[in-house]
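Data first, discussion second: the structure below is written as C-alpha cells.
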Amino acid sequence: MIIELGHFALILACILAAAQAIIGFTLWRGNALADRFVSQAAILQFALVGFAFAALCQAFMADDFSVQLAVSHSHSLQPMLYKFTSVWGNHEGSMLLFVLILVLFGAAVAAFGRNLPSDLRTLVLSNQGMMVAAFSAFVLFTSNPFWRLDPAPFDGTELNPVLQDIGLAIHPPLLYLGYVGFSICFSFAMAALISGKIDAAWARWVRPWTLASWAFLTLGIAMGSYWAYYELGWGGWWFWDPVENASFLPWLSGTALLHSAIVMEKRNALKVWTIFLAIITFSLSLLGTFLVRSGILTSVHSFASDPTRGMVILAMLAALIGGAFTLFALRASALRSGGLFAPISREGALILNNLFLSAATAGVLVGTLYPLVLESLTGARITVGAPFFDITFGALMVPLLLLIPFGPFLAWKRGDLGAVTQRLMAAIIVTVIISLVVYGFMGFPISLAPIGLAIGFWVMVGAIADLVDRAAFGRTGFRQSMARLRGLPRTAWSTALAHFGMGVTVLGVVCATAFQTEIVTSMRQGETVDIAGYSITYEGEIHTDGPNFSADRGSYAVISPWGGERTITSERRVYPVSGTPTTEAGIGTYGFSQMYIQFGERVGPDARVARLWHKPYVLLIWLGTIIMASGAFLSLTDRRMRVGAPAKPRRKAKLAGANK
C-alpha cells in the first residue's frame, strides 16, 4: 500500500509543480498571494517527493519483490546498505533522486530566501517548479519506479556487483547535489532575464547557491574518481571516460561562474559572462543526464536505457535550454552595462580565468561528443583517448595555474603588475627553493615532472602568500599581524584554501602519473617481488564466502623501505545470482602513497597473476579536492554570503542612534 501512496504523492507533486509554474509566471509582478503560493508549493513538493522516495526505499529494504524495480536491482541476500543504495543504482530510482534534490533546492530557496525581493523569489521558484513538473512527469510516464508485479517473484536479480560498494552510497547523492544544485543558478538567471533586474545584488543572492553546488560537485567527482580507483581494479584515478567528462564539464563552467559572480557582485560587471555561465553550467548538467541515460554510451557509470527515454530527455533539454538561450539573446543588449576596468586588474585576471576555463570546457566537450556525432552522421567509429585530453587540457591549465597567485594581489579596477610581482617575490623565491630541493632529491631527472611539481608548489605558496600579505606580516608587528590574520573574513580564508587545495591536487596528479611503478607478473606461494623499495611476498590464497558472494582471497606480506611489515589482501569475487565476477584490489597506505595489488587470474595449478602498483603521493589528488570543497563550505559560513541576510537589529539600532 505504501508504494501506491508514494506513487500518488509523486503525481500530486507533479501537478502542484505545474500549478506553481503557471501561477508564478502569470502573476509574478507584485502579487503577494502568488509569492506565498509558490513558496508554500515548493515546500509541500519537497514533502511529497520525499515521501515518494521514502516509500521506494522501504520497498527495497523490506525486500518487497512485488515492486518491479526491486526485483530488477536488489536481492534478499544483499547487505542492508546495498539494498538502500540499490534505490538509485538504476535509471528509474536515480531519476527520482534527481527530482528529490530538485525539490530540495526549491524548498531551500522558499525557506531561506525570504529576504529576497518577492518578484525575484516568485520567478525563481516558478522556474524551479517548471523543471520539477517536467522531470517528475518524465519519471511518471517513462521511468516509473512504482510498477507492481503480479504474481511477485520469490527473489530479485540483485544490484550490479560493481555497484555494491560504499562509494555508491556517497558518490551519486553528492554528484546530484552538485548537478541539480546548479538548477537554482539557472533559475536565478532566468528570473533576472525575465524581470530585467540584473545587478550586483542579484550576484550576491546567486553566489551562495553556486558555492554550495560547486562544493558538492567537487566532492562527488572526487568520490567517483576514488571509487573507480579502488573498485574497478585497474589502478587509474581518471580515464577521461565520456561519463566522467559529463560530470567534469559543469564543474569547469561552474568554477568560471563562481569567479564571474564575484566580479559582478563587487563591480557590477561581467553581466553577460555571469548569466551565460549560469545557463551553460546547468545545460552541461542536463547534457550529462542525457548521456548517461540515452543508451548511446557504454560505460560502467551509465545506465543502459532504451533510446526512447534518451530522446525524451533530449527533447526536454532542447526546449529548456533553447528557451533559455532565446531569452538570453533577447535580453543581451540590457546586459552590457557595468563597471569599467583596465586589462591589468582583478577583473581582468578573472576574465582571463574564465577564458581558460571556457576553452578547457570546450575542449573536453568536443573530445567527448565528436565521436558520437561522427558515428551518427557517417557510421564511422573513432575513439578520442586520454592523450588528446591530456595535451589539450594540460596546455590550457598550465598558464591558468601560473596566473592563479597573481589574481588576489591585483587591485580592483586598475592594478600594477610590476608591484604585484614585487609583493610575490618572496613566494617566487620560496617556490624555487622548494622545487630545487625536490628536484635534487629526485636525482635531477630530465623530464617534465619537476615542472609540474613546481607549478603545484607555486599555487600552494601563492595561496599562503595571499594570507600573509593580507595580515601585513613584515609590515607591522607580529602580534598585530596575527590579530589581522585571525580577523580576516572567512571568504579570504576560503579563497586561499581553494587555491591551496588546487595546488595539492596538482602535486598528487604529477606524482601519481610520472612516478608510479608497475609490475605485472605471476607469483607462486612464497615468491617475492621487489617494487619501488617494497618487498612483496605472496603468502597464498584461501576461499571465503560473503553474504551474497564467494571469493578467492590472496594474501601478500609487504615490507616497506623503512622496515614496517603488513599484510595486504585482494579478492576475486563471484556473485552467484548474476554470475558476475569482480576484483577487489588490496591497497596499503603509507603516508600519502599507496601500494596497490590486484589478485589476478590463475596461471597453472599453483600460481596467480599479480598486478602491483606503487603510487607515490596519490592520496594528494583527493586530499586537494577535499581542501577545495572545505574552502567553499567555509565561505558559506560567512554571514555576508547568506542569501538576503539583513543586518542584525542591534547593529541597525546603533547605526540609527549614531546618525541622529
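Where a number appears in this text, it was derived from the coordinates with a stated rule and is not lab data. On a predicted model such as this, the values are computed, not experimentally measured, just so you know. Positions of Cβ are backbone-derived with ideal geometry, glycine not excepted, and every protein chain shown enters the neighbour counts.
So here's what we get for this one:
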read-out	value
Modelled FRET efficiency - R0 60 Å, L5 with M425, Cβ distances, 0.05 increments	0.35
Where trypsin sites (Lys or Arg not before Pro) fall in DSSP loop in the stretch 339-436, at most 11 other Cβ within 10 Å	R381
Rg and Dmax of the stretch 1-154, Cα atoms only, in Å	17.1, 58
Computed FRET value (nearest 0.05) for E527 with T378, which takes r as the C-beta separation and R₀ as 56 Å	0.60
Residue exposure sequence - C185, C57, C14 - by fewest surrounding Cβ within 10 Å	C57, C14, C185
Label-point separation, V603 to T476 (7 Å along Cα→Cβ), nm	6.7 nm
Tensor-based shape of the stretch 129-183 (alpha-carbon gyration tensor, a/c under 1.5 rounded, otherwise prolate or oblate)	oblate
Extension gain, S72 back to L314 (0.36 nm per residue minus Cα-Cα distance, nm)	84.6 nm
Around F25: net Lys/Arg minus Asp/Glu count, Cβ-Cβ under 14 Å	0
Share of pairwise Cα separations in the stretch 453-514, more than 13 Å, in percent	63 percent
Pairwise label distance in nanometres, I433 with A386, each label 7 Å out on the Cα-Cβ vector	3.7 nm
Quotient of Cα Rg and 2.2 N^0.38 Å for the chain, N being how many residues it contains	1.04
Rounded to whole Å, sorted largest first: equivalent-ellipsoid semi-axes of the stretch 517-615, Cα gyration tensor	24, 15, 11
Ranked list, fewest to most other Cβ atoms within 10 Å of each Cβ, for T383, T289	T383, T289
Burial ordering of I2, I568, I597, fewest other beta-carbon atoms within 10 Å first	I2, I568, I597
Top positive-direction residue, dipole computed over the chain with Cβ charges, set G113, Q58, L140	G113
Relative contact order computed over the stretch 517-615 (Cα-Cα under 8 Å; 6+ residues apart), in percent	26 percent
